[in-house]
Amino acid sequence: MTSDTAQTPAKKLSSSDALARDIVRGLYEGRYAAGQRLVEPDLVAKYGVSRSTVREAIKKLTAQGIAESHLNRGARIRQLTRTEAENILLILEQLIGLAARQAAQKIDMPGNRELFTQILSPLLQANDTLDKFEFSRLRNKFNRTLARIGGNAELETLLANVNAHVFGHRMEVSPEHRRQSYRKIGTAVLSGDAATAEAEARAYVRRSISLLNTLFPED
């Protein structure tokens, strides 16, 4: 483990979900890094949980594409190439564009407008004090809610499992740019403009693709 073990006090967690979430948060805070090994005994000692809880957390992270496990070599946080990161974002562009389109098409069905407004509001109000991890949770919830409003359970599941945490924590997008982007998506969805909603959602993801050269200059 890296030196963050000594800096971060051990804490009791009730579940593998909480442990996995703290490891993801640690990526954003610099306590964990791409390529870092996830050593079971170290995690047991650090978090005060059972070995089975640690193994379950690693399984969850592996299923989400955040960690990778190899027989006889243990687990580590996944280290992506630029091509792999770009492919993830290209997939997200298609999925989120579809989610926004379908949400706009069904925004006037009972309860949908209220649900959408509720999930959009925190993104529009997010300021400079909101850390990247908390913003990422709001963003991911927003994306899944778009699919739910659009009545596409399969798409909601896909969005829950396509994960950019392993490199997204390194992206620098200003809060104002994020607010403007979500305001445009929100306006299109609430007006029922499916084509514009899809275009604005896809444009927001493409902005992230344009940042990859600064994250992977060696590629």
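Considering only ASN152, GLY35, GLY186, and ranking their Cα positions along the charge dipole of the chain that arises from unit charges at the beta-carbon of Lys, Arg, Asp and Glu, the one farthest toward the positive end is GLY35. The dipole here belongs to the chain: it is taken about the Cα centre, uses +1 on the Cβ of Lys and Arg and -1 on the Cβ of Asp and Glu, and is about 400 debye. Which of the three applies to the range 83-180, rounded, prolate or oblate, going by the alpha-carbon gyration tensor with a ≥ b ≥ c and a/c under 1.5 meaning rounded? Oblate is the answer for the range 83-180, as a/c is 1.5 or above yet b/c matches or exceeds a/b. The 3J(HN,Hα) values that the Karplus relation (6.51, -1.76, 1.60; θ = phi - 60°) gives for the range 74-89 are, in residue order, x, 10, 8, 5, 4, 10, 8, 8, 4, 4, 5, 5, 5, 4, 4, 5 Hz. Gly and Pro appear as x.
Remark: for residue pairs LYS59/LYS132; LYS141/LYS184; LYS106/LYS141; LYS46/LYS141, the C-alpha separation exceeds 21 Å in LYS59/LYS132; LYS46/LYS141.
By its C-alpha gyration tensor, with a ≥ b ≥ c as the square roots of the eigenvalues, how is the chain shaped: rounded for a/c under 1.5, else prolate for a/b larger than b/c, else oblate? In terms of gyration-tensor shape, prolate. Of the GluC sites (Glu not before Pro) found in the range 151-197, those that fall in a DSSP loop while having at most 15 other beta-carbon atoms within 10 Å are GLU172.
Report, to the nearest 10°, how far helix 175-190 tilts away from the longest principal axis of the Cα atoms in the chain, using its own Cα long axis and a range of 0 to 90°. Once rounded, one gets 50 degrees.
Output the 0 to 90 degree angle, nearest 10, between the alpha-carbon long axis of helix 16-29 and the longest principal axis computed from the alpha carbons of the chain. The helix 16-29 is inclined about 80 degrees to the chain.
Here the relative contact order of the chain, from alpha carbon pairs under 8 Å that lie six or more residues apart, stands at 25 percent. Under the shape rule built on the C-alpha gyration tensor, where the axes satisfy a ≥ b ≥ c, the range 4-77 is rounded, since a/c falls short of 1.5.
Laboratory data are not the source of any read-out in this text; all were calculated from the coordinates shown. From a predicted model like this one, the values you see are computed outputs, not experimental measurements. Cβ coordinates were reconstructed from backbone atoms using ideal geometry, including for glycine residues, and neighbour counts include every protein chain displayed.
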